[in-house]
1. Touching a residue at least 12 places away in the same chain (Cβ under 8 Å) and in contact with a His (Cβ under 8 Å, 6 or more places away or on another chain), is that true of D:Leu284?
2. Scan D:Ala112, D:Ala138 and give me the residue that is touching a helix residue (DSSP H, G or I) at 6+ places or on another chain (Cβ under 7 Å) and surrounded by fewer than 22 Cβ atoms within 10 Å (Cβ to Cβ).
3. Filter region C:251-273 down to the residues that are under 27 Å from D:Gly143 (Cβ atoms) and more than 12 Å from chain D (Cβ to nearest Cβ), then identify the one that is surrounded by the most Cβ atoms within 10 Å (Cβ to Cβ).
4. Residue by residue through region A:188-228, note down the ones that are touching a strand residue (DSSP E or B) at 6+ places or on another chain (Cβ under 7 Å) and in a loop (DSSP other than H, G, I, E, B).
5. Taking the condition of being over 19 Å from D:Ile170 (Cβ atoms) and at pLDDT 95 or above, how many residues in region D:186-205 meet it?
6. If you take the residues in region D:263-285 that are in a helix (DSSP H, G or I) and among the basic types (Lys, Arg), which one is farthest from D:Cys95 (Cα to Cα)?
7. Hey, among A:Gly304, A:Gly298, A:Gly294, which residue is under 18 Å from the mean Cα position of the chain (by Cα) and more than 25 Å from A:Val227 (Cα to Cα)?
8. Within the bounds of region D:150-163, is there any residue that is within 30 Å of D:Arg336 (Cβ to Cβ) and away from chain B (no Cβ under 12 Å)?
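The values are calculated or read from the model by the stated rules, or taken from the named source; none is laboratory data. All values reported here derive from a predicted model rather than from experimental measurement. Here Cβ is always computed from backbone atoms with ideal geometry, including for glycine, and neighbour counts include all displayed protein chains.
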There are 4 protein chains.
Amino acid sequence: MTLKLGVIGTGAIGQDHIRRCSRTLLGSQVVAVTDIDLVQAARVVSDLGISAEVYSDGHALIAAPDVDAVLVCSWGATHEEYVLAAIAAGKPVFCEKPLAVTAAGCRHIVEAEIASGRRLVQVGFMRPYDQGYRALKAVIDSGQIGEPLMLHCAHRNPRVGENYKTDMAITDTLIHELDVLRWLLNDDYVSVQVVFPRKTSKALSHMRDPQIVMLETARGTRIDVEVFVNCQYGYDIQCEVVGETGIAKLPEPSQVQLRSQAKLSNAILMDWKDRFIAAYDVELQAFIDGVSAGTINGPSAWDGYCAAVAADACIEAQGSGAIVPVNLEQRPAFYR
Amino acid sequence: MTLKLGVIGTGAIGQDHIRRCSRTLLGSQVVAVTDIDLVQAARVVSDLGISAEVYSDGHALIAAPDVDAVLVCSWGATHEEYVLAAIAAGKPVFCEKPLAVTAAGCRHIVEAEIASGRRLVQVGFMRPYDQGYRALKAVIDSGQIGEPLMLHCAHRNPRVGENYKTDMAITDTLIHELDVLRWLLNDDYVSVQVVFPRKTSKALSHMRDPQIVMLETARGTRIDVEVFVNCQYGYDIQCEVVGETGIAKLPEPSQVQLRSQAKLSNAILMDWKDRFIAAYDVELQAFIDGVSAGTINGPSAWDGYCAAVAADACIEAQGSGAIVPVNLEQRPAFYR
Amino acid sequence: MTLKLGVIGTGAIGQDHIRRCSRTLLGSQVVAVTDIDLVQAARVVSDLGISAEVYSDGHALIAAPDVDAVLVCSWGATHEEYVLAAIAAGKPVFCEKPLAVTAAGCRHIVEAEIASGRRLVQVGFMRPYDQGYRALKAVIDSGQIGEPLMLHCAHRNPRVGENYKTDMAITDTLIHELDVLRWLLNDDYVSVQVVFPRKTSKALSHMRDPQIVMLETARGTRIDVEVFVNCQYGYDIQCEVVGETGIAKLPEPSQVQLRSQAKLSNAILMDWKDRFIAAYDVELQAFIDGVSAGTINGPSAWDGYCAAVAADACIEAQGSGAIVPVNLEQRPAFYR
Amino acid sequence: MTLKLGVIGTGAIGQDHIRRCSRTLLGSQVVAVTDIDLVQAARVVSDLGISAEVYSDGHALIAAPDVDAVLVCSWGATHEEYVLAAIAAGKPVFCEKPLAVTAAGCRHIVEAEIASGRRLVQVGFMRPYDQGYRALKAVIDSGQIGEPLMLHCAHRNPRVGENYKTDMAITDTLIHELDVLRWLLNDDYVSVQVVFPRKTSKALSHMRDPQIVMLETARGTRIDVEVFVNCQYGYDIQCEVVGETGIAKLPEPSQVQLRSQAKLSNAILMDWKDRFIAAYDVELQAFIDGVSAGTINGPSAWDGYCAAVAADACIEAQGSGAIVPVNLEQRPAFYR
């Protein structure tokens, strides 16, 4: 059984997913695409050598009878609209992050999905599909380190472009930790504080970098995440879980160990795209398999909502310097 | 385009490959199987829920019109016969190691393939498809460590069963190094010597363990491989390449780093099946893609022949304690 | 030239220092001792086989004509009095931490030393003499990682006794970081905040553990120190300096790497006394050499005062949960 | 009690030892020196600011009544003569390696020492005093890895000068392994083989480099030592002991871990003098303490003899390419 997919948005990530479905993953076929730039959408179809119909817009694509499921890869501001349309059509939908640009938008989707009576939405958070994070979660869940008490994390990029603003450290960068750490701990955030260390001279004048985000969870676990997007030396993701009896650390990417020029060294990745490349495959395969089996269990609309609420609190905390509560609504039984 | 495969031999590795083609890899379908135990073959088909015909024997399977390519996973002694039959039928064939149980048998296959006029054979050596070995080769080929002068390797198993004899340390264990190190160095072996250290008390009485195999290549590179199949502590594959200006080491498998009970530790695998699990997928996908594209370029019949000749020399060296030449014929232009 | 030392306090640390001066270090001789328990002091002299006179109290010892310099190893509450007496006598004095039990006490010593016109006091902070911290400082000072922006530190003990209270995490444990990090960064603290994560079930009921102390320096560097004194797994000191262009990490103690029982591991120390054992020797040798050369340049009375002020702020922050300023007086020119 | 030392030879190592005794070690004083160049010897005395008499030659120095013990740091060819003279005078003698330039010379010393009736000689092998090797031996002796079966070692130098010949890879370089591995294993060598890999293009034309020395011990343990003296990248000493149940590896020197410029790295030493600098102190202190206590137990004349016999066999094996026996005489009861 091949799952017939329609892809809304044929930019970089959209093209990646189309290629993935066509050449790497099992059980799916892209039969429909659309984009705000229809010429570009047609060119992607022809460049990739697939036979997919180009639809005039996302709503037409969602409505197409041969489209079994939808991938939303368009501009963030349009996500909510298309996800709601897919739910209305009763079609499973994989939505790239963010699920919606506001927490309220996410909430609408949650309500619509609950009303539909079944899980239709998977949000494009790929880190829970990373082999390293999965191994880390397995160690935690095994009880080897006891109950988690603290997490020390870092999200570092070599550098960012001109259009990167201070709040994007939350919405574009930290957002991955906001999702994956909830999953890792099986816990919710209750408050957040942001402090700004001395600014690096390598950051552009309009932004503050680095920053340290400190989260508290419902069970009292304290998380600190260093977000440093002009660190120069590499793309480096760190996560150390301090438990009652031991500490577990996210594996460094596997690298050849070199002895050369008075150094014993391992390469550090420079490009974020190399870091989680395998996780993207696993994530989308999980969606395809989940839809085919009738059991989507990747990051849910509720997870998307929780990440959005936490991100809002972080941005407020950036501005105020105060400890800001993360006010989640009660988790619906539907998502338990 | 789906490649229709026939699988000869539905034992452990045969079942793995069938499962792999059905559930993990792209572009193939198992349409035919056979085994010396036809009841078992039928059960595998039904257990895996695939629709494949059970043929009475390997020759009937090879002859079947809807079989595009053949996987030989039967008992080693039958490999030569089936590979020759596949070549005779003009059908691409993936043959689990060994290609043949004698160097002469491998030579027959080489001759038959040359006579056929095109590459039809891929031997099931999976290590060249391992991400770690590929990264190591990339470092060597980049010139970062200069010309390779020495390799220090180890192939360690926690323990082996009763039926494992001293010469199997060559034919079942070292055989992987014999293949992958030729590929890594792009070089040929010219001589071999084997020494037996003090025997471990953990080995059964009928076998010698550990042993050290020392190979010399045509370019003068010296390789030592410690083969230790009752090392107790783990399945551990080591490969360190000493070049003129630096040293590169095969990555350890990526693991969570743990601080616990007065130890800073990373897990070592115990089961060999976990070590190269991803490489098996990549290897077989490469065969499927190669056949589909008309360019098989994995381990060739010539590589299988070279491994067989080197293995024979190693076994002679085990017995004599002397330095034994590895007498390869000249490499045919066909395999350049 | 042998420096003749008088030692006030012959408890554990006093005995260690006497032994050190007698058997390990060059250029000194213990000629005088005293203790609140004179019988014990006499026994120490006889057990160690040294020829030292036992004085009736610290003041008599300080006044003794053949005492060139004084080591204060008595109960903390007596330190201020003896250090002031030594300064009054114009004799160099090495004082175990704390220099005084209050910041005001430290201030008195600072004033007395300034009035004396020359450096007479070295405080017993040994970490700046640890080879690892020195190597770390050398890397920072070399400019290899750019300006320090953040420090991520941890101070972990396997467990603590009944008499250990929550504030001792500051005065007995964090105090070492308060000293060494100022030295490492050549900077001063301006504020501190303490948060309490979920309490470990391994801590006794009367204390909170772990805690995270967050310090800000005058140059804006942000420091987080995890203090976790019931971590079970080991005595583990971590310090990672995040600079503008790279990160430098305090070396782990050198250990044999073991492959055994499915683990690749290095031992972690369990006993804090093993961690800085070499640093104690270097520290005291530096005092002896400094006195002999007329240039004491180890941790100064001013450093002792700064640590005391910071510790007071940390204890206030433990209680209030707020960000507490660290109000240092202006550094006297004497200490520049 | 201060041990009064006479030092024969005031070249580089002689000066180091004089400085060590004067400024770092406890319990000794250099009271006499001599050198083939008496002017230089006098200058060393004056430069180091010690009060030592300059003697006309080694024999005069040995005879001097105030010389309690002798350090032989002169040209290798003179060692035997001075050590014998010291024994004849009944004075303890620390002799830099080699004990004698021939095995026969070492044998003479052994006989003379036995005849003297007590241990007078310590040979200047410093590696058994290295903290890393001691930790490694402790792990072996603890039984944690079972009986040692194989050792994989490397001795690498960045480069060597013009005067370094192929056989110096044995007499100047491997000689340290020949000593320390006997001590580590508490075992004797029975045979040796040397193979020459492809020569590095970085070696001068007159010498062969690298080489691999393979030793067999009386208990059957197999040792391979890579000797590579133009490896470019660093001074690097490796030693891995493969036992029946696990593997123990000599610690790498402790270094700051750096994340910088796309590399996670630790520095590798370039200068051999930095590698065992602490061991030289411990070694000579052990001699001083041993003499003072009447129990010299460092590397003995017998150890020097065994190293010399093994070195002779290695040099023969370099020439012949054959497996050469190491013919030790029976160990005298005196050295058990």
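1. Values: touching a residue at least 12 places away in the same chain (Cβ under 8 Å): yes; in contact with a His (Cβ under 8 Å, 6 or more places away or on another chain): yes.
When the stated conditions are applied, D:Leu284 passes them.
2. Result of the check over D:Ala112, D:Ala138: D:Ala112.
3. Taking region C:251-273 and keeping what is under 27 Å from D:Gly143 (Cβ atoms), we get C:252-271, C:273.
If we keep only those that are more than 12 Å from chain D (Cβ to nearest Cβ) too, we end up with C:268-271, C:273.
Details: C:Ile268: 21, C:Leu269: 17, C:Met270: 17, C:Asp271: 11, C:Lys273: 11.
For region C:251-273, the residue satisfying everything is C:Ile268.
4. A:Asp188, A:Phe196, A:Pro197, A:Arg198, A:Thr200, A:Asp209, A:Pro210, A:Ala218, A:Thr221
5. First pass over region D:186-205, keeping only residues over 19 Å from D:Ile170 (Cβ atoms): D:186-187, D:198, D:201-202, D:205.
If we keep only those that are at pLDDT 95 or above too, we end up with D:186-187, D:198, D:201-202.
Number of matching residues: 5.
6. Within region D:263-285, the subset in a helix (DSSP H, G or I) is D:272-275, D:277-285.
Remaining after also requiring among the basic types (Lys, Arg): D:273, D:275.
Numbers: D:Lys273: 19, D:Arg275: 21 Å.
By that ranking, first place goes to D:Arg275.
7. Working: A:Gly304 fails: more than 25 Å from A:Val227 (Cα to Cα); A:Gly294 fails: under 18 Å from the mean Cα position of the chain (by Cα).
Criteria check complete, one pass: A:Gly298.
8. Among the residues of region D:150-163, at least one is within 30 Å of D:Arg336 (Cβ to Cβ) and away from chain B (no Cβ under 12 Å), which makes the answer yes.
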